[in-house]
1. Which residues, counting only those in region 227-249, are modelled with pLDDT under 85 and open to solvent by 10 Å² or more (accessible area, probe 1.4 Å)?
2. Conditions first: (1) at pLDDT 50 or above; (2) under 24 Å from A86 (Cα atoms). A279 passes all but one, so which condition is the exception?
3. Test each condition in (1) within 23 Å of T240 (Cα to Cα); (2) part of a loop (DSSP other than H, G, I, E, B) for A138 and report the one that comes out false.
4. Checking the condition in contact with a strand residue (DSSP E or B) (Cβ under 7 Å, 6 or more places away or on another chain) and of a type in the set (D, E, K, R), which residue from R177, R144, R122, R118 passes?
5. Taking region 114-128 only, how many residues are crowded, with 24+ Cβ neighbours inside 10 Å and either over 19 Å from the mean Cα position of the chain (by Cα) or among the β-branched types (V, I, T) (or both)?
Amino acid sequence: MVVGVTVGFVFAAERRQLILEMVRANGAVSLRELARVVQTSEVTVRRDVRALEAEGLLDRRHGGAVLPGGFTRESGFPQKSHLATAEKTAIADLAASFVEEGEAVVVGAGTTTQELARRLARVPGLTVVTNSLLVAQALAHANRVEVVMTGGTLRGSNYALVGSGAEQSLHGLRVSRAFLSGSGLTAERGLSTSNMLSASVDRALVQAAAEVVVLADHTKLGTDTMFQTVPTDVITRLVTDAPPGHDERAATELQALADQGVHISVAGPGAGSGSGPAAVPGGGEAAPPGRRRDVPLPGQRRTHPMGPGQPPGSGQGGPPGPQLRSAVSLGDQATARVADLAPRRR
């Protein structure tokens, strides 16, 4: 639970002090939560965070603020679990739809992958290999789901098994796909994390999979951290949420990832909430709540076999046809910008 107090009207100096205290108490806090606590708009909070960053008191991240440390600091699980929670839920819902009965997958550590695991508990005949205690816990009581844990040394900050034991247990393993999260994602370096041991295990998970699916909310787009885990050309699919209209950097990063051949799957926060169909750029309507619709996304070059759940035309033996697979609620301006991605280099 994010530490904070509800306040009435405050002056800028008092407001910024409250923001700083919240970030110090929690390690990382979303702009939405900061705005709620200090009872002002996200625009004002963003201005306050920018001013505090200029003083070296905190670091900005897309959608939030963290303690200063940049490339070397990693927030613990309690702090990360309260960032972009609605977005992570929507991403997990959409990512789970790519998994079919009887598959074998690997799932890495992270708050978003934990959300995914809760949904995978409903997939019969599934085998899940993981180095995450939290993923294993989410699947512990699932009927007809087999959980295989790696060996290794427990890393308490994210409840993950790391080290040579974890890596060696993955040798010789082959599964249909890997679901991974991380601390940051850029088109230039791909997925990255702040911890060397975690990065090494994630690379071993990738080696075991035919397809690599990255789960990253928009706050991680454009963020580059210390250790690369998955280079961009190895990422088959990114499942993310649509960045807010003001977040040009995240939208630009999505475009760059698409230009490099990554399938972009956009989860809408309203998916499954009962909202009506929304207009989809390029014609047609979004699928009813809880379903997906394929929207053409030119400029992608990925032709890896996708296995179960692959979009039409994306596998071997057919013409390249990478698609943007989006959830419902695509009518807002920010999502429209993402759905209209077009190649800039071809």
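The values are calculated or read from the model by the stated rules, or taken from the named source; none is laboratory data. Because the structure is a prediction, the values reported are computed rather than measured. For neighbour counting, all protein chains shown are included, and Cβ atoms are generated from backbone atoms with ideal geometry for every residue, glycine included. When the accessible area is computed, the model is the full protein with side chains, heavy atoms only, and any ligands, DNA or RNA have been set aside. Shrake-Rupley method; radii C 1.70, N 1.55, O 1.52, S 1.80 Å.
1. Of everything in region 227-249, those that are modelled with pLDDT under 85 and open to solvent by 10 Å² or more (accessible area, probe 1.4 Å) turn out to be P244, G245, H246, D247, E248, R249.
2. With (1) at pLDDT 50 or above; (2) under 24 Å from A86 (Cα atoms) applied to A279, the lone miss is (1).
3. Failed condition: (2).
4. R177
5. 1
Per-residue answers, yes or no, for (1) assigned to a helix (DSSP H, G or I); (2) farther than 22 Å from I91 by Cα; (3) open to solvent by less than 10 Å² (accessible area, probe 1.4 Å):
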| position | (1), (2), (3) |
| --- | --- |
| V148 | no, yes, no |
| G165 | yes, yes, no |
| L173 | no, yes, no |
| A178 | no, no, yes |
| S192 | no, no, yes |
| S200 | yes, yes, no |
| A210 | no, no, no |
| T225 | no, no, yes |
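Conditions (1) at pLDDT 50 or above; (2) surrounded by fewer than 24 Cβ atoms within 10 Å (Cβ to Cβ); (3) part of a strand (DSSP E or B), marked per residue:
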{"residue": "A251", "(1), (2), (3)": "yes, yes, no"}
{"residue": "Q255", "(1), (2), (3)": "yes, yes, no"}
{"residue": "I264", "(1), (2), (3)": "yes, yes, yes"}
{"residue": "S275", "(1), (2), (3)": "no, yes, no"}
{"residue": "A287", "(1), (2), (3)": "no, yes, no"}
{"residue": "G299", "(1), (2), (3)": "no, yes, no"}
{"residue": "G309", "(1), (2), (3)": "no, yes, no"}
